[in-house]
Every structure is written in C-alpha cells, then in structure tokens.
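Engineer: Before anything else, here's the structure in question.
The values are calculated or read from the model by the stated rules, or taken from the named source; none is laboratory data. Note that this is a predicted model, so its numbers are computed, not measured. Note that we place each Cβ from the backbone using ideal geometry, even for glycine, and neighbour counts take in every protein chain shown. Areas reflect the complete protein model, heavy atoms only, side chains present, ligands, DNA and RNA absent. Shrake-Rupley method; radii C 1.70, N 1.55, O 1.52, S 1.80 Å.
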Amino acid sequence: MKLVLATGNKGKLREFRQMCQDEVVAFSDLLGAFDIVEDGATFAENALIKARTIYKKLKETYPSGNYFVISDDSGISLPVLDGAPGIYSARYAGEGANDKDNLYKLINAVKAKGLKETPAYYTAAIAIVSQYGEYVVHGWMHGKVIDKVRGDKGFGYDPMFIPSGFEKTLGELDDEVKSKISHRGKALALAKPIIQMLRRKDIH
Ligand SMILES: O=c1[nH]c(=O)c2ncn([C@@H]3O[C@H](COP(=O)(O)OP(=O)(O)OP(=O)(O)O)[C@@H](O)[C@H]3O)c2[nH]1
Ligand SMILES: [Mg+2]
C-alpha cells in the first residue's frame, strides 16, 4: 500500500521522508502539481481538505490503486499577536508570499511590539484519508521567536525560532534534532500506529 503525501512543500516532504521508514510518494509524482484551496477554519480542517482532495483525485486517476493519503497543515502562533499568523502562516505576507517574505514580516511584527523575543509555538495537524476511514492527529512545539535570522537549515520561520530548552534556532539545528522535538515529529508519532493499523487491514 502506497503512502502518498498531499503536500507541495519541499521542506515537509524532506522531513516526512526522514521520519518515516516507509516509502513516501509526493502526490505531484502521481497527479502532477496543483494548488489546493485551504479554506478551513482550523489546522485539522485544512489538513482534511488537502488529504481528501488528493485521495479523491487518486481514486479517479488510479481506480484500482492501493494507497492512503497523509497531509500536514501547520503554522506558527505568537500569543503576543493573538495567535497570528496561525493557520495563515503560509500566506502571512499575502497570497503568493514566499518563506522569506513571511519570515521578515513576522520579524517586523515582533520588532513593532518593541520586543527582542517573545513566546511562540508551532502546531501541526496530520490527516490520514484511506478506504477504511479518516483520522487527524496533532503535535505542538513550544519555544520563542527572536527579532533576527540565525542559520539556514529547516524552512519557513525556523531561522527565528528557538525551541524550549535550546539556545540555537531551528535554522542552526540539524533536521534530526528538529524531528525529535517538532510539532510534525510529535504528530507523526501519533500517526504511526494508525499507519500500521491501515497496513494490517490491507494484509488481512
Ligand atoms: O519554519 C517552519 N518550520 C516548520 O516546521 C513549519 N511548519 C509549518 N510552517 C509554516 O507554516 C506554513 C504551513 O502552511 P501549510 O500547512 O498550508 O503548508 P504549505 O502551504 O507550505 O504546503 P502544503 O502542505 O499546504 O502543500 C509553512 O509554509 C511555514 O510557513 C513551518 N515553518
Ligand atoms: Mg498550504
């Protein structure tokens, strides 16, 4: 049974591949690349929208295929900004904004509050859509953001985010370290038993 990832984000794909023993196929390799409208009100709703869209298209394109779809909707929230950018993290600096635009907009928002650092947390909702049912799990990573960029690892807001208990930003820490403590890593740890269950169902 194929595990198809419903994301167009290369950073997420890299992290999923590193964290899953199973082979992970990007949906664009099977269906070509396209955008999905994420108009849900929560991370969970958006994750389900993405996974359902890809599952439906796969069923239309490969009716006898054997697969399940996994998606990730995630973002960073700052209590000092009433939880922004939250579910709008990918388009914080506007539709079509890239990671750098979003990163510098958030740095400027922190500075505009007269702060050098402030608490922040990442949320990830992972949805799994399969012929047996739909599942959603969550993970969080708490820490703080600073008013500057440090390091070039990770993606998105990582160069300004310092996880609790660390001195370095995620831009300075290796992917292996990030995976152990990240919102995505924690959500995936909860998703793994579901994935195993789906594989067992597939066998019997
Ligand atoms: O520095 C970061 N490290 C992370 O670990 C992380 N996780 C999420 N984010 C931010 O939140 C948006 C998600 O939005 P999002 O879930 O809609 O994803 P996306 O649009 O990039 O891809 P897709 O999966 O929807 O295709 C992303 O673009 C990033 O800006 C992160 N930033
Ligand atoms: Mg998105």
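Engineer: Hey, in the GNM for the chain with a 10 angstrom Cα cutoff, which one of ASP175, ASP72, ASP29 fluctuates hardest?
Structural biologist: Per the Cα network of the chain with a 10 Å cutoff, ASP29 tops the list.
Engineer: Next up: For the chain, return all DSSP H helices satisfying: extent of Cα atoms along own axis at least 15 Å; mean Kyte-Doolittle hydropathy at least -1.0.
Structural biologist: 43-61, 99-112, 183-203
Engineer: Which of the listed residues, TYR121, GLY94, ALA191, is farthest toward the dipole's positive end in the chain, when Lys, Arg count +1 and Asp, Glu count -1 at the beta-carbon?
Structural biologist: ALA191
Engineer: Still on this model: What's the FRET efficiency of GLN21 with GLN131 using the Cβ-Cβ distance as r and R₀ = 22 Å, to the nearest 0.05?
Structural biologist: On the way: r = 22 Å, r/R0 = 1.01.
With R0 = 22 Å, the Cβ-Cβ based efficiency is 0.50.
Engineer: Also, I was wondering about something else. Restricting to DSSP loop positions (anything but H, G, I, E, B) with no more than 10 other Cβ atoms inside 10 Å of their own Cβ, which GluC sites (Glu not before Pro) remain in region 126-174?
Structural biologist: Those that pass, being in a loop and sparsely packed, are GLU167.
Engineer: List the lysines whose Cα sits under 20 Å from the Cα of LYS57, skipping any in the same chain fewer than 8 residues away.
Structural biologist: Correct list for LYS57: LYS2.
Engineer: Okay, next question. Assuming R0 = 30 Å, can you tell me the calculated FRET efficiency for the pair GLN196 and LYS56, based on Cβ-Cβ distance, to the nearest 0.05?
Structural biologist: Efficiency for this residue pair is about 0.75.
Engineer: Using a Gaussian network model on the chain with a 10 Å cutoff between Cα atoms, which of ASP158, ASP73, ASP39 fluctuates the most?
Structural biologist: ASP39
Engineer: About the Cα centre of the chain, how large is the charge dipole given +1 on each Lys and Arg Cβ and -1 on each Asp and Glu Cβ? Please answer in debye to the nearest 20.
Structural biologist: Dipole of the chain, to the nearest 20 debye: 280 debye.
Engineer: If you don't mind, there's one more thing I want to ask. Across the Cα atoms of the chain, what radius of gyration and what greatest pairwise Cα-Cα distance (Dmax) are found, in Å?
Structural biologist: In order Rg, Dmax, the Cα atoms of the chain give 17.2, 60 Å.
Engineer: What does the accessible area per residue of the chain come to in Å², with a 1.4 Å probe and no ligands, DNA or RNA counted? List each step's numbers first, then the result.
Structural biologist: On the way: 10140 Å² over 204 residues.
Solvent-accessible surface per residue comes out at 50 Å².
Engineer: Test of understanding: given the chain, find the longest segment containing no trypsin sites (Lys or Arg not before Pro) that are in a DSSP loop and have at most 15 other Cβ atoms within 10 Å.
Structural biologist: 1-112
Engineer: Does region 103-168 classify as rounded, prolate or oblate by the C-alpha gyration tensor (a ≥ b ≥ c root eigenvalues; a/c under 1.5 gives rounded; else a/b over b/c gives prolate, otherwise oblate)?
Structural biologist: Prolate, because a/c is 1.5 or more and a/b exceeds b/c.
Engineer: Label-point separation (nm) for ASP101 and SER64, each offset 7 Å from Cα along Cα-to-Cβ?
Structural biologist: It works out to 4.5 nm between the two label points.
Engineer: Chymotrypsin sites (Phe, Trp or Tyr not before Pro), restricted to region 88-155: which are DSSP loop and have at most 16 other Cβ atoms within 10 Å? Write out the running numbers ahead of the final one.
Structural biologist: Working: sites: TYR88, TYR92, TYR104, TYR121, TYR122, TYR132, TYR135, TRP140, PHE155; in loops: TYR92, TYR132, PHE155.
Counting only loop positions with at most 16 other Cβ atoms within 10 Å, the chymotrypsin sites (Phe, Trp or Tyr not before Pro) in region 88-155 are TYR132.
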